[in-house]
Amino acid sequence: MTAICFLFLSGSTLQPLLDAVALIRRYRDSKTRYFKVSEDVPLDDVIPPAWRDLVVSTTASGKTRVNRISYELCVFQKLRDQLRCRAVWVEGANRYRNPDDDLPPDFEEKRSLYYEALRHPESATEFINRLQQMMVDGLTQLNDGLANNVWLALEPKRKNPIILSPLPAQAEPINLYTLKQEITRLWPITPLLDMLKEADYSNSAWFTSIH
């Protein structure tokens, strides 16, 4: 199994998730439907409340059982989410590598130069204030334009008082047309949706290779 490394986040911990992955690894060759009753199965911060009844059951004798298949589905779903936000990283991976490795090796020495190239302030407070002001400006513009918006109508007596008329279709961008033509030329009988699904499967294929 690929080594999974843990990153500490401010005010939170993902250790139960990694403990759950380790438990699944120990049972990889087992054909049992449930984990042993004696196992310390991590549930809190791993299994969503909506899934708890599908994962955990109680026998007539009062013993608690944890269904392996349902448990693994929950664990891998949470692991995928944490990998996507880079809270957990995979040793030796590329896309899901340690986020510290995304920085240039001379980042600390040339921090100001890199921030200048990205056109971002070095101060986190200034960066956040800028984003907040952009949101305020956008919402203000939306609010001020509602009264003169010909596509929008308000009828307070209706159950759904906001009526938004469909906007006219915009012209297709030339680059999108060119992309479609090239895809059709390369794969004339392959549906585009199938290609996108296959690409998504390949990104998460390492989940199925855990052994």
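No value in this document is a laboratory result; all are computed from the given coordinates. As the structure is a prediction and not an experimental result, all values here were calculated from the model. Neighbour counts are summed over all protein chains in view; Cβ atoms, including those assigned to glycine, are modelled from backbone coordinates with ideal geometry.
Worth pointing out:
- GNM remark for the chain: springs join alpha carbons under 10 Å apart, and the peak mean-square fluctuation among ASP194, ASP19, ASP45 falls on ASP194.
- Ranking of VAL136, VAL88 by count of other Cβ atoms within 10 Å, fewest first: VAL136, VAL88
- Cα pair distances of the chain binned at 5 Å [whole percent]: 1, 5, 8, 9, 9, 9, 10, 12, 13, 11, 7, 4, 1, 0
- Note, ³J(HN,Hα) from phi for the stretch 38-55, Karplus 6.51, -1.76, 1.60, rounded to Hz, x at Gly and Pro: 6, 6, 8, 8, x, 10, 5, 6, 10, 9, x, x, 5, 9, 4, 5, 7, 9
- Cα long-axis angle, helix 124-146 against the chain (0 to 90 degrees, to the nearest 10): 50
- Check: the chain dipole with +1 on Lys, Arg Cβ and -1 on Asp, Glu Cβ, in debye: 1140
- Computed from backbone phi, the HN-Hα couplings of the stretch 165-178 come to 6, x, 7, x, 5, 7, 5, 5, x, 5, 5, 5, 4, 5 Hz, rounded to whole numbers (Karplus: 6.51 cos²θ - 1.76 cosθ + 1.60, θ = phi - 60°; Gly and Pro given as x).
- Length-normalised contact order for the chain - Cα pairs under 8 Å, 6+ apart - percent: 18
- Between helix 192-203 and the chain: long-axis angle, C-alpha atoms, 0 to 90°, nearest 10: 50
- For the stretch 108-183, with +1 on Lys and Arg beta carbons and -1 on Asp and Glu, the positive-most of PRO168, SER123, ILE183 along the dipole: PRO168
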